[in-house]
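Presented below is the structure to which this report refers.
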Amino acid sequence: MKLENKKIYPWIVVALLWFVALLNYMDRQMLSTMRDSMMIDITELESATNFGRLMAVFLWIYGLMSPVAGIIADKLNRKWLIVGSLFVWSTVTLLMGYSTDYNQLYILRALMGISEALYIPAGLSLIADFHSDKSRSLAIGIHMTGLYTGQAIGGFGATIAKAHSWELTFHWFGIIGIAYSIILILFLREKRNKREFEEKIEKKEKIPVLKGLALLATNIWFWAILLYFATPSLPGWATKNWLPTLFSTNLSIDMAQAGPMSTITIAISSFIGVILGGILSDKWIQKNVKGRIYTGAIGLGLTIPSLLLLGFGSNFTTIIGGALCFGLGYGMFDANNMPILCQFVSSKYRATVYGLMNMTGVFAGAFITNLLGRSTDSGTLGTDFAMMSILVFVVLCIQLLCLRPKVKNMED
C-alpha cells in the first residue's frame, strides 16, 4: 500500500507541514526582536520608521504574491511548490546573516516575501483535501500551532543574537530549513495521484482567471470573507511585529526579555485557541451548518477586550492578561478560516481564493506595520493597539449577518 493511501497519512501530512509552518513564521518573526542587536552594525535601523518599512516590505510583496501563489497551487503539484518555497526562503534567511547594509536587508526581506507566499495556500489546501469535515478544523488548527510555535521561537532571536551574534542566528536558522526541505522530498505526497495530475496539465481544464475572479466578485459571501479575513489581520500582524516593542515599552524591560515573553505568551494561548477552536468547530458543524462561523465569531469576540488591555495596560497583569486573551481568541478564529472557505468554494479553487484572502490580510498587515512604526516614534503605540478593537467589533457584526453557508463542504 502506498504511503499516501494509508488511513494515518492525512495526519502525517499535518505533522510534516507543521514543521514547515514553524520555519515559515520563525524565519520571518525573529527579525522583529533583533533590531537592537542589528542596529549596532546597520545604523539605519535606529529609526523605528525605517524598521517598520523593513518589516512592511515583506508584507507588501507577500500580499501581492498571495493570489498568484493560490492560482499556482491550484494548477501545479503542491508538494514541489512547498519544497521549493521552503528551500528558497531558508536560503534567503541564511543570506541575511551576510548583510552589511540596510538596502541588502530590504532586498532579501522582499525575496522572503515572494518565497514564503507560495507556502500557505498550497499547504492549507493540501491539508483540507486530505481531511473531511469531521477533522478539517482540528487538522488546520494543529497546523496553525506550528505557526505560533515558530513565532515563539522567533521571539528568541534577540536572546540568541545577544549571546552570540545576529549574523550567526540567521545562518543557523537558514541551514535548518534547507535541511528539512530534503525530508519533505522523501515523505510528502500530493493528494491527487500522478495520472490525475498529468491529465489536468494536458487538458488544461480551467476557467480563465479573470472570468473566475469576476464570478467571485458577484457573490456577497466573497466580499464578506475578504473583510472577515482582512480586518482581524490588523491586530494579528500588529502583535506579530510590534508586540515585543509594546511589552518592552509598557513594562520597561529590555527587548531580550520582552521578545520571548511576548511571543511565548501569544504562542501558548494561540496553541490552546486553535485546538479548542478546531475541536469545537468540528463538533458544532455536525449539528449546525454555521458551527464554524459561530466558533470563529467567539474567537473574534475575545480579541476585542484583549486589545483594550494591551493598549491601555501599564502593568504585568493587564498586559499579560490581554496577550493571553488575544492569543486564545485569535487561535479560534485562525483555525476556521480555511474550513469556512471550504463551505463556499470547491477544492479546485480553494488555494486561489485563499490566496486572495491572504493578500487582503497581508496588505492590512503592511498598513498597520507602517502605521505602528510611526506610532512608536510618536509615543502612541498603545493607543493605536486599543483602537483596533473598534474595527474588530464592526467586522464581527458583518460576519454574523452575511456569512450564511448552505453546506458543510462545497463539492467539486
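The values are calculated or read from the model by the stated rules, or taken from the named source; none is laboratory data. These numbers were taken from a predicted model, which means no experiment stands behind them. Virtual Cβ from ideal backbone geometry, glycine too; neighbours counted across all protein chains shown. Remember, those area values only see protein heavy atoms, side chains included, never the ligands or the DNA or RNA. Shrake-Rupley method; radii C 1.70, N 1.55, O 1.52, S 1.80 Å.
Filter the cross-link list Lys75/Lys134; Lys191/Lys287; Lys191/Lys283; Lys7/Lys79; Lys75/Lys191; Lys6/Lys283 down to pairs whose alpha-carbon distance in this structure exceeds 22 Å.
Too far apart for the 22 Å limit: Lys75/Lys134; Lys191/Lys287; Lys191/Lys283; Lys6/Lys283.
Using a 7 Å offset from the Cα along the Cα-to-Cβ direction at both Phe316 and Ile8, what is the distance between the two label points in nm, to one decimal?
Taking the two extended label points, one gets 4.4 nm.
So, in nm, how far is label Lys75 from label Ile390 when the simple model puts each one 7 Å beyond its Cα toward the Cβ?
About 4.3 nm separates the two model spin labels.
Could you work out how far the C-alpha centroid of the stretch 250-301 sits from that of the stretch 61-114, in angstrom?
So the two Cα centres are separated by 27 Å.
Could you state the accessible area per residue of the stretch 371-412 in Å², with a 1.4 Å probe and every protein chain left in place?
Per residue, the stretch 371-412 has an accessible area of 56 Å².
How high is the FRET efficiency from Arg374 to Ile279, r the C-beta distance, R0 25 Å, rounded to 0.05?
Once the sixth-power term is evaluated, E becomes 0.05.
Rounded to the nearest 10 degrees, what's the angle between the helix 136-154 long axis and the longest principal axis of the chain, both from Cα atoms, 0 to 90?
20
Once you charge only the Cβ atoms, +1 for Lys and Arg and -1 for Asp and Glu, what is the size of the charge dipole of the chain about its Cα centre, to the nearest 20 debye?
Taking the Cα centre of the chain as origin, the dipole is about 1720 debye.
Determine the dipole magnitude for the stretch 30-177: charges of +1 sit on the beta-carbon of Lys and Arg, -1 on that of Asp and Glu, nothing else is charged, the reference point is the Cα centre, and the result goes in debye to the nearest 20.
Charge dipole, the stretch 30-177, about its Cα centre: 460 debye, nearest 20.
Which percent of the accessible area of the chain is formed by carbon and sulfur heavy atoms (probe 1.4 angstrom)?
68
Check Gln343: other-chain or 5+ apart residues with amide H under 5 Å from its amide H, H built from backbone geometry?
Met410
Let me have the 222 nm mean residue ellipticity of the chain computed from DSSP H runs of 4+ only, each contributing -39500 (n - 2.57), with the sum over all residues rounded to the nearest 500.
It lands at -27000 deg cm²/dmol.
Pulled fully out, how much extra length does the chain show between Ala15 and Lys134, if you take 0.36 nm times their separation in residues and subtract their Cα-Cα distance?
Once the chain is fully extended between Ala15 and Lys134, it gains 41.0 nm.
Once ligands and nucleic acids are excluded and a 1.4 Å probe is used, how much of Arg136 is accessible, expressed in Å² to the nearest 10?
We get 10 Å² for Arg136.
Arg189's amide H: which non-local residues (gap 5+, or another chain) put their own amide H closer than 5 Å, with H modeled 1.01 Å from N in plane and none for Pro or chain starts?
It is none; the list stays empty.
Relative to the longest principal axis of the chain, what angle (0 to 90°, nearest 10) does the C-alpha long axis of helix 78-96 take?
10
Given a cut-off of under 8 Å on Cα pairs at least six residues apart, what relative contact order in percent is computed for the stretch 287-412?
It comes to 42 percent, rounded to a whole number.
Is the stretch 6-75 rounded, prolate or oblate when judged by the Cα gyration tensor, a ≥ b ≥ c being the square roots of its eigenvalues, rounded requiring a/c under 1.5 and prolate requiring a/b larger than b/c?
The shape class here is oblate.
Distance between Cα centroids, the stretch 345-405 to the stretch 312-334: provide it in whole Å.
Here the two parts' Cα centres lie 17 Å apart.
So with the 1.4 Å probe, I'd like the accessible area per residue for the stretch 62-168, rounded to whole Å².
Value returned for the stretch 62-168: 32 Å² of accessible area per residue.
Ser115 accessible area, nearest 10 Å², 1.4 Å probe?
Solvent-accessible area, nearest 10 Å²: 10 Å².
Tell me, what is the percent relative contact order of the chain, built from C-alpha pairs under 8 Å that lie six or more residues apart?
It rounds to 27 percent for the chain.
Need one number: nm distance between label points at Ser165 and Thr218, each 7 Å from Cα along Cα→Cβ, rounded to one decimal.
Inter-label distance under the simple model: 6.1 nm.
What net charge do the residues around Thr91 carry, taking every other residue with its C-beta under 15 Å from that of Thr91, with Lys and Arg at +1 and Asp and Glu at -1?
Local net charge: 0.
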